[in-house]
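Here is the structure we will look at, set down as structure tokens.
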Amino acid sequence: MIQVSLQMIVRTERRSDLLETMRGMLQPARVERGCLSYRLYEDVENRNAFVLLEEWATQEDLERHLAKDTQRQLFALMDLLSSEPELRFNTVSHTAGMDLIERVLKTGGPG
């Protein structure tokens, strides 16, 4: 699985423009082959800070998504930001859930 995070801080006067464009991008991305999740989050302490989190099943799925015209829309949004965005691509080889927390609490530490 590939996780993508894009942290953005938008200029106050362009906030509504960013949101309008992003809302139009969410649903089409979610139905693309290999898209596991595509969500935009707003920071509760800074209403101009947003994080776009994406999850893709494979590198091929991600690259197919990146080649789409909608990515040009995303790059155009960079002009609305007040600072340089932070973009990360992470490859996940293993995940755990509540079972990890339960095991650590039961055993009292690593193990």
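Residues of region 1-21 being open to solvent by less than 20 Å² (accessible area, probe 1.4 Å), closer than 18 Å to residue 84 by Cα and of a type in the set (Val, Ile, Thr), which ones?
Within region 1-21, 4, 10 meet the criteria.
Scan region 33-53 for residues that are within 15 Å of the chain's Cα centre (by Cα), under 17 Å from residue 64 (Cβ atoms) and not polar (S, T, N, Q) and jot them down.
Correct list: 34, 35, 36, 38.
Among the residues of region 29-87, what is the count of those that are of a type in the set (Gly, Ala, Ser) and more than 14 Å from residue 6 (Cβ to Cβ)?
4
Quickly run through region 56-73 and pick out the residues that are among the basic types (Lys, Arg) and exposed (fewer than 10 other Cβ atoms within 10 Å of the Cβ).
72
Please verify whether residue 76 is open to solvent by less than 100 Å² (accessible area, probe 1.4 Å) and part of a helix (DSSP H, G or I), treating the condition exactly as stated.
Yes.
If you take the residues in region 81-96 that are in contact (Cβ under 8 Å) with a residue 40 or more places away in the chain and not in a strand (DSSP E or B), which one is most open to solvent (accessible area, probe 1.4 Å)?
95
Consider residue 47 carefully, then state whether it is in contact (Cβ under 8 Å) with a residue 12 or more places away in the chain and either of a type in the set (S, T, N, Q) or open to solvent by 50 Å² or more (accessible area, probe 1.4 Å) (or both).
yes
Could you check region 63-73 and list, in sequence order, the residues that are assigned to a helix (DSSP H, G or I) and modelled with pLDDT of 90 or more?
The answer is 63, 64, 65, 66.
Just one of (1) open to solvent by 90 Å² or more (accessible area, probe 1.4 Å); (2) of a type outside the set (Val, Ile, Thr); (3) in contact with a strand residue (DSSP E or B) (Cβ under 9 Å, 6 or more places away or on another chain); (4) not in a helix (DSSP H, G or I) trips up residue 27, so point out which.
Result: residue 27 fails condition (4) only.
The values are calculated or read from the model by the stated rules, or taken from the named source; none is laboratory data. Being a predicted model, the structure only gives us computed values, none of them experimental. Every residue, glycine as well, gets a Cβ built from its backbone with ideal geometry; the counts of neighbours run over all protein chains shown. Quick note on the areas: whole protein, heavy atoms, side chains included, nothing else; ligands and nucleic acids left out. Shrake-Rupley method; radii C 1.70, N 1.55, O 1.52, S 1.80 Å.
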